[in-house]
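Okay, so here's the structure we're looking at.
The values are calculated or read from the model by the stated rules, or taken from the named source; none is laboratory data. Keep in mind that what you see is a predicted model, and the values were worked out from it rather than measured. Glycine also receives a Cβ, built like all others from the backbone with ideal geometry; neighbour counts cover every protein chain displayed.
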Amino acid sequence: MLLNRAPSHSPSGSSSGSSSGSSSGWSLSRAFPRLAVALLLAALPVMEIQLGPVASAQVFEDGYSAVDVTEGDPKPRQVRTPPANTRVGRKRYAENQEAQPETGRDAAVKYMSPRQPANSSGGSVDHYLQIAFGWSVNDQSFKWGQPDNQTNVGRWNLGISYRMGEWVNSMDLLMRVEATRFAMAEGGITKFSFMPLITFPDASSRFPLYFGAGIGLGIFGNQFGGESSLALDYQVLAGARFFNLWGSAGLFVEGGVKNHIHVLSDGQYNGTFVSTGTLFTF
């Protein structure tokens, strides 16, 4: 800054005026920097100059919070909110792991094991027992007794079928024991049959219709001379069953083909049958 002094006309005034003007100019030159620094410091809050790192915080709905610290960036950044089902921490991570579906050998063994479905009507369908009475509808024998070929020789049939197990979500395994009476031209014949039987769908499905087939051993209680006392029995059947109509008791109706072949002779029997009876679940 330049200061102009007014000229003096007296010699004595010239010396004193020079000294006074020099002192005033020196004082102003020293005070100006201090004044500038004070103004600058006063303007810092107005200018919003930030000299340190910026921190922004956010609290989530589940009670957890997060702080984002940014070096030299005056604008706060948005913190990403985790999904509502996100679990934080070791304990909640363990809870998420427990919610995952089971896999591996243990899960496969558990899946393949027999089911035990709940039965609100009373009684379980894991096992059941059929007591049947049936009769032959149309049948014919070949090379069995005299004459060789005969028709309508079958009379009545009594049977018990017990469910022993199942293939999960597929089929049932039954054991069937029957007694069948034949009226041949030479006399009456009784045969006992022991037959494993497979039916599907499984009874646990509660589907009323079922289909099945089986093969087993037939033993004649009495037989003509020269004829085999053993036979190979086989059946193909279809039926309808109705569980728990009266507590644990129900009804069923069944029909199909019931044949046998003599093991030690040439005899053979082919016939169709119908049977009905009661069904018990336990």
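Those residues that are under 26 Å from Pro147 (Cβ atoms), surrounded by 15 or more Cβ atoms within 10 Å (Cβ to Cβ) and not aromatic (Phe, Trp, Tyr), I need them from segment 159-182; list them, please.
Thr180, Arg181, listed by residue number.
Could we say that Gly218 is within 18 Å of Arg163 (Cβ to Cβ) and either in contact with a strand residue (DSSP E or B) (Cβ under 7 Å, 6 or more places away or on another chain) or assigned to a strand (DSSP E or B) (or both) here?
Criteria not met by Gly218.
Might you check whether a residue that is crowded, with 17+ Cβ neighbours inside 10 Å and outside any strand (DSSP E or B) occurs anywhere in segment 263-272?
Checking segment 263-272: at least one residue is crowded, with 17+ Cβ neighbours inside 10 Å and outside any strand (DSSP E or B).
Listed residues Leu197, Leu173; which is under 21 Å from Tyr128 (Cβ atoms), among the aliphatic types (A, V, I, L, M) and at pLDDT below 95?
Leu173
So if I check each of Leu230, Leu251, Leu217, which one is over 39 Å from the mean Cα position of the chain (by Cα) and more than 16 Å from Leu197 (Cα to Cα)?
Leu230 is the lone residue from the list that is over 39 Å from the mean Cα position of the chain (by Cα) and more than 16 Å from Leu197 (Cα to Cα).
Got a sec? Which of Ser161, Ser193, Ser204 is among the hydroxyl-bearing types (Ser, Thr, Tyr) and not in a strand (DSSP E or B)? Step through it out loud before you land on a result.
Working: Ser161 fails: not in a strand (DSSP E or B); Ser193 fails: not in a strand (DSSP E or B).
The unique qualifying residue is Ser204.
Quick check: anything in segment 215-237 modelled with pLDDT of 95 or more, among the acidic types (Asp, Glu) and within 18 Å of Val153 (Cβ to Cβ)?
Among the residues of segment 215-237, at least one is modelled with pLDDT of 95 or more, among the acidic types (Asp, Glu) and within 18 Å of Val153 (Cβ to Cβ), which makes the answer yes.
Conditions (1) among the aliphatic types (A, V, I, L, M); (2) in contact (Cβ under 8 Å) with a residue 12 or more places away in the chain; (3) farther than 23 Å from Pro208 by Cα; (4) out of contact with any helix residue (DSSP H, G or I) (no Cβ under 6 Å at 6 or more places or on another chain), marked per residue:
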position: Leu232; (1), (2), (3), (4): yes, yes, yes, yes
position: Ala238; (1), (2), (3), (4): yes, yes, no, yes
position: Asn244; (1), (2), (3), (4): no, yes, no, yes
position: Ser248; (1), (2), (3), (4): no, yes, no, yes
position: Val253; (1), (2), (3), (4): yes, yes, no, yes
position: Gly256; (1), (2), (3), (4): no, yes, no, yes
position: Ser265; (1), (2), (3), (4): no, yes, yes, yes
position: Phe280; (1), (2), (3), (4): no, yes, no, yes
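Just to be sure I understand the filter: pairs with C-beta atoms under 7 Å, separated by 6 or more residues or on different chains, first member in segment 170-190 and touching a residue at least 24 places away in the same chain (Cβ under 8 Å) and assigned to a loop (DSSP other than H, G, I, E, B), second member surrounded by 14 or more Cβ atoms within 10 Å (Cβ to Cβ) and acidic (Asp, Glu). Which pairs pass?
Ser170/Asp202
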